[in-house]
Amino acid sequence: MSVKVRFCPSPTGLLHIGTIRTCLYNFLFAKQNNGKIVFRMEDTDKNRSTKKYAENIISGLKNLGIYSDEGIGTDKDENLYYQSNRGEIYKKYLLDLLYSGNAYFCFCTKEELDAKKENNKNNGIAYKYDGKCRPSDNQDSSEIKKYIEESEKRIKNGENATIRLKINKNERIKFNDLVRGDISFNTDDFDDFIIAKSINEPLYNFTVVIDDYEMKISHIIRGEDHITNTPKQILIYKAFNFSLPEFAHLPLILNEDKTKLSKRKNKVSVDDYLSEGYLKEAILNFLFLLGFNTPDEKEIFSLSEMIEVFNLSKVHKGGAVFDMKKLNWINSKYIRDMEFSKFLEYFKEEITFNNIDKDFLKRIAILEKERINKFSDIKDDLFLFEIFDYNIEDIINEKMGVDLNIIKTSLENSLKLINNFDIDYNLDKNIIENNLKEGFIKLINDLDLKNGQVLWPLRYVLSGVDKSPGVFELIWVLGKEESIKRINFALNLLQK
Ligand code: GLU
């Protein structure tokens, strides 16, 4: 069987992180089976669907390296893959179902149905349509034709009619879900449900079946939130006598508290992650691991490696928790492994400082490449670029034996040491740091102080904050002139 999958978002919001995972798994499955992936837009909800969202979804995926082989995004017959343009097709199939006697018009009014629902509720009975408008199962084709013509006349005269699927009684239907295994249901669990609000207004379950059939989809891979729709869709397939595609329902993505991933608890639009400085490769890699255990516990994958190792039958049944720590870790891995010149490009985009010495900027970038999880983390380290005001008393630390006198001694002696120290940037960063360390250990011994009494005040005044890189690394990054400037700034504060 040739593999053909589809990705069919509803364009009612910006590209969502869960949507990408669904699309990614479809894409990987298609590519590893030399198959095709179709993109179509389920935009029948006219109030909520917009072209802008459709474009955001398609361009967002393209940006991540995921593209379609057919349908939207290919520049060929794109319009035919918007459900809003497929009305005539659905109508034809609806008429087919009506003429085959597998569907019928229902003239029950909303008030009538609501009253029945209310009545059932009061008696504790689950509501099911009672089949009031269901014609006899034994109509022959001329009777059916007459029935349809009469119904159409009533509609023309102003009555409203929905279209319901005729469900056979007490049939057991089985299907195999490639993730969840065998699933079966009894047709008695369903009433004659509505498949179209009118001949021109087909509903989701109906349009999906028609599109998947017409587009010759072999595998339907989608979120678990659609599993309750699957039996209804299978009943529609059966009514048409279409052969069934394979189904695979992917585990939901959950917030850390195990509720369904939501805007309130997590950012869900990929644009938010990109603008925070997450890399697209890292986002894709992270989503790939959401719901799937890779062999050998390897965790970093390029898109082509994903195509190789993805295995639909190894996708988890249980929900997949969206673990920010893991995303940060994966992103940091990509940053560490990035070529320096590329890193520098991203890095410069984050920075608003002008007139920074080129070599100084480069040193900051070298340091940050090993420090940050995402590019926006750079804003936590702005002290590298310039010193911000702080309170000298904050350096006092009784436990370490650091009082104002010790701070002064530490800074005056550190200043001398740095002044006499020749930072040769032709040497390796490590060598420079080690040489500094040697010098400071000797100084600390000579002063008969403890490490913290000298190094803590120095680290604080070089950064102006209590959490920063190590002191020797700071001196390396700031350089002699800037280090001296910052120590003098602190000595001035001490005199006030
Ligand atoms: N349009 C549906 C959604 O965005 C997908 C339907 C399906 O995959 O069958 O959730």
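We did not get these values from a lab; they are worked out from the coordinates using the rules stated. Keep in mind that what you see is a predicted model, and the values were worked out from it rather than measured. For neighbour counting, all protein chains shown are included, and Cβ atoms are generated from backbone atoms with ideal geometry for every residue, glycine included.
For segment 225-268, go through all pairs of different Cα atoms, get the mean of 1/r, take its inverse, and jot down that Kirkwood value in Å. Each step should come with its number before you reach the end.
Values: mean 1/r = 0.0780 Å⁻¹.
Kirkwood radius, segment 225-268: 12.8 Å.
For PHE107 and TYR127, what does the FRET efficiency come to when R0 = 22 Å and r is the distance between their Cβ atoms, rounded to the nearest 0.05?
Plugging the Cβ-Cβ distance into 1/(1 + (r/R0)^6) gives 0.75.
Hey, got the dipole for segment 181-317? About the Cα centre, +1 on K and R Cβ, -1 on D and E Cβ, debye to the nearest 20? Provide the component values of the computation, followed by the final result.
Numbers: 15 positive and 23 negative charges, 51 e Å.
Approximately 240 debye in magnitude.
7 Å from Cα along Cα→Cβ at both ASP189 and ILE300: what's the point-to-point distance in nm?
For ASP189 paired with ILE300, the spin-label model returns 4.5 nm.
Cα axis of helix 110-122 to longest principal axis of the chain: angle in degrees, 0 to 90, nearest 10?
Here the helix axis deviates by roughly 70 degrees.
Mean projection of the alpha-carbon convex hull of the chain over all orientations, in nm²?
33.7 nm²
Of the cross-linked pairs LYS146/LYS216; LYS51/LYS232; LYS358/LYS442; LYS128/LYS263; LYS116/LYS258; LYS358/LYS429, which ones have a Cα-Cα span greater than 25 Å in the structure shown? It would help to have the intermediate numbers written out before the result.
On the way: LYS146/LYS216 33 Å; LYS51/LYS232 29 Å; LYS358/LYS442 33 Å; LYS128/LYS263 34 Å; LYS116/LYS258 37 Å; LYS358/LYS429 17 Å.
Table pairs above 25 Å Cα-Cα are LYS146/LYS216; LYS51/LYS232; LYS358/LYS442; LYS128/LYS263; LYS116/LYS258.
LYS485: which aspartates and glutamates have alpha carbons under 14 Å from its alpha carbon, excluding same-chain residues fewer than 8 sequence positions away?
GLU386, ASP389, GLU412
Karplus couplings for segment 370-386 from phi (6.51 cos²θ - 1.76 cosθ + 1.60, θ = phi - 60°), rounded to Hz, Gly and Pro as x?
Along segment 370-386, the couplings run 8, 10, 8, 8, 8, 5, 5, 5, 4, 5, 7, 10, 5, 4, 5, 7, 8 Hz.
If you place +1 on the Cβ of every Lys and Arg, -1 on the Cβ of every Asp and Glu, and leave all else neutral, what size is the dipole of segment 203-255 about its Cα centre, to the nearest 20 Debye?
Working: 4 positive and 6 negative charges, 27 e Å.
In total the dipole reaches around 140 debye.
Could you work out how far helix 229-240 tilts from the main Cα principal axis of the chain, as a 0 to 90 degree angle to the nearest 10?
Orientation of helix 229-240: about 40 degrees from the principal axis.
For segment 314-377, state which GluC sites (Glu not before Pro) are in a DSSP loop and have at most 14 other beta carbons lying within 10 Å of their beta carbon.
Values: sites: GLU339, GLU345, GLU349, GLU350, GLU368, GLU370; in loops: GLU339, GLU370.
Passing both the DSSP loop test and the Cβ count: GLU339, GLU370.
Find, to one decimal place in angstroms, the Kirkwood hydrodynamic radius of segment 357-486, where the mean of 1/r is taken over every pair of different Cα atoms and then inverted.
On the way: mean 1/r = 0.0657 Å⁻¹.
With all distinct Cα pairs of segment 357-486 included, I get 15.2 Å.
Placing unit charges on C-beta atoms (Lys and Arg positive, Asp and Glu negative, everything else neutral), compute the dipole magnitude of the chain about its Cα centre in debye, rounded to 20. Walk me through the intermediate numbers first.
On the way: 74 positive and 79 negative charges, 266 e Å.
Its charge dipole is roughly 1280 debye.
At ASN160 and ASP380, where each label point lies 7 Å from the Cα along Cα→Cβ, what is the point-to-point distance in nanometres?
5.5 nm
Run the reach check for LYS110 against aspartates and glutamates, Cα to Cα strictly under 17 Å, same-chain hits fewer than 8 apart removed. What comes back?
Of all the aspartates and glutamates, those that pass the test against LYS110 - Cα under 17 Å, at least 8 places apart if same chain - are GLU118, ASP130, GLU159, ASP191, ASP192, GLU201.
Just the number: Rg to Rh for segment 206-312, Cα atoms, Kirkwood Rh, two decimals.
Numbers: Rg = 17.3 Å, Rh = 16.5 Å.
Here the Rg-to-Rh quotient is 1.05.
Got a sec to turn the phi values of segment 182-195 into Karplus ³J(HN,Hα) couplings, 6.51 cos²θ - 1.76 cosθ + 1.60 with θ = phi - 60°, whole Hz, x for Gly and Pro?
Going residue by residue, I get 5, 10, 9, 8, 9, 4, 5, 6, 10, 9, 6, 7, 7, 9 Hz, with x marking Gly and Pro.
Arrange GLU112, GLU78, GLU152, GLU398 by Cβ neighbour counts within 10 Å, fewest through most, would you?
GLU398, GLU112, GLU152, GLU78
Give the span of segment 95-160's Cα atoms along each principal axis, as three whole-Å numbers ordered largest to smallest.
Its Cα atoms span 42, 27, 15 Å along the three principal axes.
On a straight-distance basis, which aspartates and glutamates could pair with LYS145 in a cross-link, Cα separation under 18 angstrom, same-chain partners fewer than 8 positions away excluded?
Candidates past the 8-residue exclusion: ASP96, ASP137.
At q = 0.15, 0.17 Å⁻¹, what base-10 log of I(q)/I(0) does the Debye formula yield for segment 1-146 when every alpha carbon is treated as an equal point scatterer in vacuo?
-0.90, -0.95
Step through the table entries LYS4/LYS298; LYS280/LYS379; LYS342/LYS362; LYS325/LYS374; LYS298/LYS326, compare each Cα-Cα distance with 22 Å, and write down the pairs that go over it.
Working: LYS4/LYS298 29 Å; LYS280/LYS379 20 Å; LYS342/LYS362 12 Å; LYS325/LYS374 12 Å; LYS298/LYS326 14 Å.
The pairs that break the limit, which is 22 Å between Cα atoms, are LYS4/LYS298.
Multiply the residue separation of ARG336 and LYS260 by 0.36 nm, subtract the distance between their alpha-carbon atoms, and state the gained length in nm to one decimal.
Length gained between ARG336 and LYS260: 24.2 nm.
Go ahead and run the numbers for FRET between VAL465 and ASN200, Cβ-Cβ distance against an R0 of 56 Å, rounding to 0.05. Don't skip to the end; give the middle numbers.
Numbers: r = 65 Å, r/R0 = 1.16.
Computed FRET efficiency for VAL465 and ASN200: 0.30.
With the crude spin-label approximation of a point 7 Å out along Cα→Cβ, what separation in nm comes out for LYS437 versus LYS153?
Calculated label separation equals 9.7 nm.
Take the Cβ-Cβ distance between PHE489 and ASP448 as r, set R0 to 35 Å, and report the resulting FRET efficiency rounded to the nearest 0.05.
0.80
Per residue of segment 348-355, in order, report the coupling 6.51 cos²θ - 1.76 cosθ + 1.60 (Karplus, θ = phi - 60°) as ³J(HN,Hα) in whole Hz, putting x for Gly and Pro.
The phi angles translate into 5, 5, 7, 9, 10, 6, 9, 6 Hz.
Which percent, to the nearest 5, of DSSP beta bridges fully inside the chain are antiparallel?
Working: 17 of 33 bridges.
Here the antiparallel bridges make up roughly 50 percent for the chain.
Could you tell me what fraction of 2.2 N^0.38 Å the Cα radius of gyration of segment 1-81 comes to, as a two-decimal ratio?
Numbers: Rg = 12.1 Å, N = 81, 2.2 N^0.38 = 11.7 Å.
In units of the globular-protein estimate, segment 1-81 measures up at 1.04.
GLU55 to GLN32: extension gain in nm, 0.36 nm per residue of separation minus the Cα-Cα distance?
5.6 nm
Helix 358-369 versus the longest principal axis of the chain: what is the Cα-based angle in degrees, 0 to 90, to the nearest 10?
The angle comes out near 60 degrees.
Quick one: Cα centre-to-centre distance for segment 268-319 and segment 140-168, in angstrom?
Distance between centres, Cα-based: 50 Å.
Run the numbers on the chain and let me know its relative contact order in percent, using alpha-carbon pairs under 8 Å that are six or more apart. It would help to have the intermediate numbers written out before the result.
Values: 648 pairs, mean separation 60.6, N = 496.
About 12 percent, as a whole number.
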